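Peer 1: Sharing a structure here in structure tokens format.
The values are calculated or read from the model by the stated rules, or taken from the named source; none is laboratory data. Predicted model only: the values in this text are computed from it and were never measured. Positions of Cβ are generated from backbone atoms using ideal geometry, with glycine treated the same way; all protein chains shown enter the neighbour counts.
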Amino acid sequence: MSFSASEPEGLDELQRTPTHLEGLDHVLSGGLPTRRTTLVCGGPGCGKTMLAMEVVARGAAHGEPGAFFSFEQTSRELQTDFRSLDLDLEGLVHRDLLRIHHVDLGDRPAAETGGYSLDGLLVQMDQVIEAVGAKRVALDTLEVLFARLEDSRTLRSEIRRLFRWLQDREVTALVTAEAGAETLTRHGLEEYVSDCVVRLDHRIHDEVSTRRARVLKYRGTRHSTNEHPFLISRKGIALIPVDSRPLEHPAPAERISTGIEGLDRMFGGEGYFRGSSILVSGRAGTGKSSIGAAYVDAACRRGERALYVSFEESRSQIVRNMQSVGVDLEPWIEEGLLTIQARRPSQLGLEEHLREVEDVLDDVSPEAVVVDPVTNLINVGTPATTLAMLTRLVDSMKARRTTALYTSLESGEGPPSVMRVGVSSVMDTWVQLVNLLRRPAESRGIYVVKARGMAHAHAVHEFRLSDAGVEVADPLDTAVGDPREGPP
């Protein structure tokens, strides 16, 4: 989807102020409208104050001074609340790049002689803005400011006055407001006088919470109108829309070993493309995790950093179980080349899983990654949301030139579960493992479903697991449709 829009001749191009928040600037086509007012609305706990503070603080960190006006919390309370995030509010305040000003409205009457007036507040705000030279201003929240004003005509007039005052000061402003029962905001007016409106919400699905953001309005430009999940982590707000990464991934021609000599031969003797995405699917007990372990073992032998993300077994289980097939991962963990992250799918929502993996990728910078098995995430969300999350994860790996292997656990009946979420379509290489009913005993088979951009074997090969290691043997005289698995 394209967010660019041509401006009519004779009009100045709309200027945008970057938020410096991951993903949000993409959704906003570059940022918030400069020297205009943006409304951030939503229910309690959805992240309104967080978004407003982070936009102001990130701007200050990039040399654009800001002021944050709070009508509820004191400056000390806000700095304490945000101490767990990488914002360094105290440092920005100390360097005179940020002012956090608490406006105490507790003793102020709603109506004075001659009617309600914002004059005193505007004088305070003007002094703070001038003192710091603020270019970004946030007001949190309007409901507290106008809590005692009941006359609708006066309320409408004062809200318009406030928004006009902000525009006259030529600041890029964010104003937060609570969601109404039947209207977007409680007063039902702010969205009409704002140049940009961002709605946040916090919903529960199958006992898992997810925060979402949507740009409802943006005067003078096209923008994404979709809902986008976002997270609040120690790094702040992160919004990673499915369309945030264009299809401009690098496509290296370098090949790397799979860690299994026979499997390398199935790919012309050279293995996977570096930076590609590989899917290994099969039923329980076919050896998917063993192929993943062999792959990270080979990466560590090359001196590369590797990450193993497990949604099924603990770190100690993985190390123990892989030793039974001749793959010893413990030395690589001790050397710091291999990181194993184990997490139950039900512990977090899909977006939180994605953010956690992204954080580890940032910290470790691995060249090889295994995610085992991705299909366990289906229990956390719907097939559509799971596919969206996996697509973003695949895109992130490709953008980093990280070679990632994903395993998929297939059910015993019906079509493969990986097909139900459609993740196979975004993979470059797909390897299928099968159980073969061959006399005198049952054995395993392996074949390549697809391998984009490279020649590969088409026959089913025997796949062996023993304490001597993981081995791919010679081709079998069994057609793909003959295994007990049935057709792929």
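Peer 1: Looking only at residues that are hydroxyl-bearing (Ser, Thr, Tyr) and in contact with a strand residue (DSSP E or B) (Cβ under 6 Å, 6 or more places away or on another chain) in the stretch 136-195, which one is farthest from residue 41 (Cα to Cα)?
Peer 2: Across the stretch 136-195, the extreme among qualifying residues is 172.
Peer 1: Could you give me the residue pairs with C-beta distances under 7 Å whose first residue belongs to the stretch 109-136 and is assigned by TED's automatic domain parsing to the domain that holds residue 98, whose second residue is among the small types (Gly, Ala, Ser) and modelled with pLDDT under 95 wherever it lies, and which are 6+ apart or on separate chains?
Peer 2: From the stretch 109-136, the pairs are 116/110.
Peer 1: Considering only the stretch 18-38, I want to know if a residue exists there that is under 18 Å from the mean Cα position of the chain (by Cα), at pLDDT 90 or above and among the polar types (S, T, N, Q).
Peer 2: Looking for residues that are under 18 Å from the mean Cα position of the chain (by Cα), at pLDDT 90 or above and among the polar types (S, T, N, Q), one finds at least one in the stretch 18-38, hence yes.
Peer 1: Mind telling me which of the residues 104, 96 ends up being more than 32 Å from the chain's Cα centre (by Cα), loosely packed, with under 12 Cβ neighbours inside 10 Å, modelled with pLDDT of 80 or more and not basic (Lys, Arg)?
Peer 2: Within the list 104, 96, the selection yields 104.
Peer 1: Okay, next question. Report, by residue number, each residue of the stretch 268-318 that is among the basic types (Lys, Arg) and assigned to a loop (DSSP other than H, G, I, E, B).
Peer 2: 274, 283, 302, 305
Peer 1: Quick one: count up the residues across the stretch 340-383 that are of a type in the set (D, E, K, R) and part of a strand (DSSP E or B).
Peer 2: So the count comes out to 1.
Peer 1: Within the stretch 314-364, which residues are acidic (Asp, Glu) and surrounded by fewer than 17 Cβ atoms within 10 Å (Cβ to Cβ)?
Peer 2: Correct list: 328, 330, 334, 335, 359, 362, 363.
Peer 1: Among the residues of the stretch 138-167, how many are farther than 13 Å from residue 103 by Cβ and either assigned to a loop (DSSP other than H, G, I, E, B) or not assigned by TED's automatic domain parsing to the domain that holds residue 35 (or both)?
Peer 2: 4
Peer 1: Hey, does the stretch 450-460 have a residue that's crowded, with 22+ Cβ neighbours inside 10 Å, of a type outside the set (Val, Ile, Thr) and at pLDDT 90 or above?
Peer 2: No - not one qualifying residue is present in the stretch 450-460.
Peer 1: Got a sec? Which of 111, 57 is of a type outside the set (Ser, Thr, Tyr), modelled with pLDDT of 85 or more and more than 17 Å from residue 196 (Cα to Cα)?
Peer 2: After ruling out the rest, the residue left standing is 57.
Peer 1: For the stretch 357-381, which residues satisfy the criterion of being free of Cβ contacts under 8 Å to residues at least 40 places away in the same chain and either of a type outside the set (Asp, Glu) or closer than 19 Å to residue 314 by Cα (or both)?
Peer 2: 379
Peer 1: Here is a further query. Take the residues in the stretch 20-54 that are touching a residue at least 24 places away in the same chain (Cβ under 8 Å) and of a type in the set (D, E, K, R), then tell me which one is nearest to residue 194 (Cα to Cα).
Peer 2: In this case the residue turns out to be 36.
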